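To start, the structure itself, in structure tokens.
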Amino acid sequence: MPYTPGSTQGLPSVAQDRLRAMRGEGTQKSLWTSDLSVNEFLLVREAGFDPLGLVMGSSIYHIGFQFSNAFQNQEMDVLTQAMYEARELAMTRMEEEADLLGADGVVGVRLVVNRQEWGGHLAEFMAIGTAIKHRQGEHYRGTDNRPFTSDLNGQDFWTLLRAGYRPLSLVMGNCVYHVAHQGMLQSLSQMGRNIEMPNYTQAVYDSRELALSRMQAEAEREGAEGIVGAQVHENSHGWGSHVIEYFAIGTAIMPISDDHSIPAPTLVLPLTD
């Protein structure tokens with residue numbers, strides 16, 4: 001679903017009421033919520049931003065079925081598309097909530113996949129984070145004037161800004177892959193030997209590379225200079241031992257200006273155990 005700034009199409013009325021109440025419309029006093037820790041809250045404030053509220057998006061998605069050849073490595077493109085689109089729906093609704101609050105962006109974004117008992121092919125995809133706004137009104141929004149998104153915590157967000165960079169968007173790529181079973185003769189020939197399993201190696205290598213290349217393509221479309229905090233997650237989501245998803249995610253960034261200096265690192269001694 002394409003994102004349209006100012007749209008509330010994907011938001012239920014109760015979400016819109018909650019967000020308007022937080023803004024303090026009319027005679028009501030504003031009140032923000034946040035999943036930032038105390039340290040993160042203080043550093044976000046130090047960076048010149050104020051928290052506006054906890055924002056989220058959700059999508060319960062029916063994941064289709066796809067046949068595969070038991071003895072063939074192949075991408076499960078139906079499952080790949082379903083897992084990507086469901087996450088994108090959740091992200092878009094979270095951005096719409098942030099937009100309704102007038103936020104510049106969302107930090108500390110988490111993407112969660114929950115399996116429900118309603119059926120084996122149903123899953124809930126949720127995106128959640130804290131919407132923030134620059135105190136002096138500087139423009140930090142990303143492409144198409146949509147609020148930036150980032151999975152950086154408060155400390156990393158503060159450090160990134162001090163180094164002269166800003167987040168553009170949370171970028172992601174995924175690949176659901178079927179890892180072929182070995183034939184009986186191949187299994188017998190490998191018994192008791194130290195030997196690479198090229199069938200499994202190639203399948204896992206290919207699927208990770210597809211996920212990473214798709215994440216990189218998203219960052220390029222955003223006009224980013226690079227990606228920080230990139231991670232690759234692995235999960236079977238209950239499909240069975242030979243079907244696995246690799247999910248790559250990170251924060252695309254760009255320089256705030258062409259001329260920026262990175263402050264020298266300082267030594268910090270924690271006072272906790």
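Read the figures in this text as sums done on the coordinates, not as results from a lab. All figures in this text were calculated on a predicted structure; none of them were measured in a lab. Every residue, glycine among them, receives a Cβ derived from its backbone with ideal geometry; neighbour counts consider all protein chains shown.
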With no solvent and one equal point scatterer placed on each C-alpha of region 14-255, evaluate the Debye formula and give log10 I(q)/I(0) for q = 0.13 Å⁻¹, two decimals.
-0.84
Extension reserve of the Asn114-His62 stretch, reckoned as 0.36 nm per residue once the Cα distance is removed
17.5 nm
Run the Debye formula on the Cα coordinates of region 72-170, all scatterers equal and no solvent, and tell me log10 I(q)/I(0) at q = 0.15, 0.20 1/Å.
-0.68, -0.98
Taking 0.36 nm per residue of separation between Met197 and Asp77 and subtracting their Cα-Cα distance, the length gained on full extension comes to 40.8 nm
Have a look at Gln216, Gln202, Gln16 and tell me which one the Gaussian network model of the chain (Cα, springs below 10 Å) gives the largest fluctuation.
Gln202
Highest-MSF residue in the chain out of Met76, Met91, Met197 [GNM, Cα springs under 10 Å]:
Met197
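Assuming 0.36 nm per residue, please report the length gained on full extension of the stretch Asn235 to Ala217 beyond their Cα-Cα distance. Walk me through the intermediate numbers first.
On the way: separation 18, 0.36 × 18 = 6.48 nm, distance 2.22 nm.
Extra length available between Asn235 and Ala217 comes to 4.3 nm.
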Modelling each spin label as a point 7 Å along the Cα-to-Cβ direction, I'd like the His121/Glu225 distance in nm, to one decimal.
4.7
Name the most mobile residue of Glu234, Glu25, Glu218, meaning the one with the largest mean-square fluctuation, in a Gaussian network model of the chain with Cα contacts below 10 Å.
Glu25
Could you calculate the FRET efficiency of Gln28 with Ser7 from 1/(1 + (r/R0)^6), where r is the beta carbon distance between them and R0 is 25 Å, rounded to 0.05?
0.55
